[in-house]
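Engineer: Okay, here's the structure, questions in a sec.
Readers should treat all values here as calculations from the given coordinates under stated rules, not as data from a laboratory. Keep in mind the model is a prediction, meaning the values are calculated, not measured. Positions of Cβ are generated from backbone atoms using ideal geometry, with glycine treated the same way; all protein chains shown enter the neighbour counts.
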Amino acid sequence: MAEATFPTSLTYLRPATAKDEDLVARFQPVFDRIAEGNLERERKRTFPFEQVQWLKDADFALLRVPNEFGGWGASLEQTYYLLALLAEADPNVAHVWRNHLAFVEDRLNAKPSSANDRWLQRFRDREFVGGGWTEANNGTYATIKTTVTREGDRYKVNGAKFYATGSLYADWLDVIGKGEDGSLVTTLVSRDQPGVVLNDDWPGFGQCTTASGSATYRDAIVHQGDVFPASERVVYQGHFYQTALLAVLTGITRAILRDGIAALKTRGRNYPQGLDPVPALDPQLLQVIGEVSVRVFSTEAALRRAAHSLDLIAAAQAAGDVELRDKRALAGEVAVSQAQLTIIDGVLYAATHIFNALGASATSQETALDRHWRNARTLASHNPVAYKARILGDYLVNGKSPVSSIDRLSRGGQGN
């Protein structure tokens, strides 16, 4: 695959310098600690405040920040691989990081300025960003009612949001609204003010501790340097959000295989139709495990391919080569859509068919193996996978662009 090379003056982006083994050595022990309490948190719907803080303390938020600016210098491919490892430990915790990592990526793509320098310092200070884009009450980007009005040297935000993922863990909330001229702007709202009310009212049957509920803003104050035209957000933003979901789904697939193997090893008896009285020696049950392992392989491969396509877009954007960037963005759209189809099919297959290798005891609420399907099904419902194969086919056969005419801000967005 082509390497990403670009100048160092147009944005904060730099070529990746991190090594896979160093990143895993630093973060895998934290992931392992997080995994220890995952089952109990799932059963009791306990919010992982402590676990999110462990990652903040380990500077997980600085994965993509170049060494020059105090970060780890990871590529997007490396970042998503680590996010998948975190999701294997706890997919709720991994999903919490989606909006923060996306905003970091946006600031790295921005032109150097004093305001953006302050944001890099906030990242180094371990300040965390949650989401606030999707309108409450079935609002869309075309009918957005959240407003951003200027008052002197500051702004006020008024509106209501849903799918505010990660908000309860956040210091800042990334909120999109309509400016006074009708254009869309994104604002970074400090959570710690009277005008912000966050509600734990997420009703989904999966991803239950991601703080994906509602948020209201009543004259919430935003300062200069924390307001950005939405049109200037990173061009591969939709790709980024979608691939983050795919990383979490990939991690869930890994967890299904892990738990399936453990359950088969401890299964004490087999059915009369079995080919061996010891379940762990039954060729047909072993075949199920092998088939699930293939889904892990395919999801990991698809995730890496999609993530690498984003590294190439980032390199072209940083170099200021708009023509190459747009060409790579089209290729990235195809790669991410193909990965979405591959990964969703793989994780849902694995979450269902793993039970074919196990006995009725595998349905126990104590083991909560159903959590893998519930979490995967919830994440897979975020974006319209039903349309993706048709759109890809139309592009491959007829050359019709797979990029919707809908504003790019809504593509791969934060809920729906």
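Engineer: On a 0 to 90° scale, report how tilted helix 114-124 is relative to the longest principal axis of the chain, with both axes built from alpha carbons and the result rounded to the nearest 10.
Structural biologist: Between helix and principal axis, roughly 30 degrees.
Engineer: Which FRET efficiency value, to the nearest 0.05, is calculated for Glu323 and Ala25 with the Förster distance at 41 angstrom and r the Cβ-Cβ distance?
Structural biologist: Details: r = 40 Å, r/R0 = 0.97.
Once the sixth-power term is evaluated, E becomes 0.55.
Engineer: Given a cut-off of under 8 Å on Cα pairs at least six residues apart, what relative contact order in percent is computed for the chain? Walk me through the numbers on the way to the answer.
Structural biologist: Numbers: 766 pairs, mean separation 71.8, N = 416.
Reported as a whole number, the value is 17 percent.
Engineer: Moving to a separate point now. Using a simple charge model, +1 on the beta-carbon of Lys and Arg, -1 on the beta-carbon of Asp and Glu, nothing else, what dipole does the chain show about its Cα centre, in debye to the nearest 20?
Structural biologist: On the way: 45 positive and 48 negative charges, 113 e Å.
Using only the charged Cβ atoms, the result is roughly 540 debye.
Engineer: Take each of the peptides 388-398, 246-256, average the number of other beta-carbon atoms within 10 Å over its residues, and list them starting from the highest.
Structural biologist: Working: 388-398: 12.9, 246-256: 28.1.
Most protected by this proxy first, the peptides run 246-256, 388-398.
Engineer: Taking a threshold of 25 Å on the Cα-Cα distance, which of the pairs Lys111/Lys178; Lys111/Lys327; Lys19/Lys56; Lys19/Lys327; Lys111/Lys400 fall above it?
Structural biologist: Values: Lys111/Lys178 23 Å; Lys111/Lys327 22 Å; Lys19/Lys56 20 Å; Lys19/Lys327 28 Å; Lys111/Lys400 33 Å.
Distance filter (> 25 Å) returns Lys19/Lys327; Lys111/Lys400.
Engineer: For helix 385-398, what angle does its Cα long axis make with the longest principal axis of the chain, in degrees from 0 to 90 and rounded to 10?
Structural biologist: 70 degrees
Engineer: Mind checking which of Gln273, Leu76, His95 is farthest towards the positive end of the chain's charge dipole, using Cβ charges of +1 (Lys, Arg) and -1 (Asp, Glu) about the Cα centre?
Structural biologist: Gln273
Engineer: How do 173-186, 32-45 rank on mean C-beta neighbours within 10 Å, highest first?
Structural biologist: 173-186, 32-45
Engineer: Between helix 283-319 and the chain, what is the angle of the helix's C-alpha long axis to the longest principal axis, kept within 0 to 90° and rounded to the nearest 10?
Structural biologist: 20 degrees
Engineer: Quick check for you: which residues of the stretch 38-70 have the amide N under 16 Å from the point 7 Å beyond the Cα of Ala368 toward its beta carbon?
Structural biologist: Residues 38-52 fall inside that zone.
Engineer: Between Ala360 and Arg126, what is the FRET efficiency for a Förster distance of 56 Å, r being their Cβ-Cβ separation, to the nearest 0.05?
Structural biologist: Working: r = 46 Å, r/R0 = 0.82.
Efficiency computed from Cβ-Cβ geometry: 0.75.
Engineer: Taking the Cα centroid of the stretch 187-226 and of the stretch 309-339, what is the distance between the two, rounded to the nearest whole Å?
Structural biologist: 31 Å
Engineer: Something else: Just want the answer: with Cβ charges of +1 for Lys and Arg and -1 for Asp and Glu, which residue in Pro402, Leu358, Leu310 is farthest toward the dipole's positive end in the stretch 273-416?
Structural biologist: Pro402
Engineer: Kindly identify the chain as rounded, prolate or oblate by the Cα gyration tensor criterion: order the square roots of the eigenvalues as a ≥ b ≥ c, call it rounded if a/c is under 1.5, otherwise compare a/b with b/c, prolate if a/b is larger, else oblate. Show your work: numbers first, answer last.
Structural biologist: Working: a/c = 1.76, a/b = 1.53, b/c = 1.15.
Since a/c reaches 1.5 and a/b is larger than b/c, the shape of the chain is classed as prolate.
Engineer: Residues with amide H under 5 Å of Asp171's amide H, sequence separation 5 or more or different chain, H placed in the peptide plane at 1.01 Å from N; which?
Structural biologist: For Asp171, whose amide H was placed from the backbone, the distant partners under 5 Å are Phe128, Val129, Gly130.
Engineer: Based on the alpha-carbon gyration tensor of the stretch 241-400 and its eigenvalue square roots a ≥ b ≥ c, which shape applies: rounded if a/c is under 1.5, prolate if not and a/b is larger than b/c, or oblate?
Structural biologist: Numbers: a/c = 2.87, a/b = 2.70, b/c = 1.06.
Judged from the Cα gyration tensor, the stretch 241-400 comes out prolate (a/c at least 1.5, a/b above b/c).
Engineer: What is the packing order of peptides 237-244, 103-110, 54-61, taking the mean over residues of other C-beta atoms within 10 Å and listing the highest first?
Structural biologist: On the way: 237-244: 25.0, 103-110: 22.1, 54-61: 18.2.
The peptides rank, most packed first, as 237-244, 103-110, 54-61.
Engineer: Using the basic label-point model (7 angstrom from Cα toward the beta carbon), what is the Phe297 to Ala58 distance in nanometres?
Structural biologist: 2.9 nm
Engineer: Determine the gain in length on full extension of the stretch Leu392-Ala280; use 0.36 nm per residue of separation and subtract their C-alpha separation, reporting nm with one decimal. Walk me through the numbers on the way to the answer.
Structural biologist: On the way: separation 112, 0.36 × 112 = 40.32 nm, distance 4.13 nm.
Additional length available on full extension: 36.2 nm.
Engineer: Now for a different question. Expressed in nm to one decimal, what extension gain is obtained for the pair Thr147 and Glu40 from 0.36 nm per residue of sequence separation less their Cα-Cα distance?
Structural biologist: On the way: separation 107, 0.36 × 107 = 38.52 nm, distance 4.05 nm.
Answer, rounded to one decimal: 34.5 nm.
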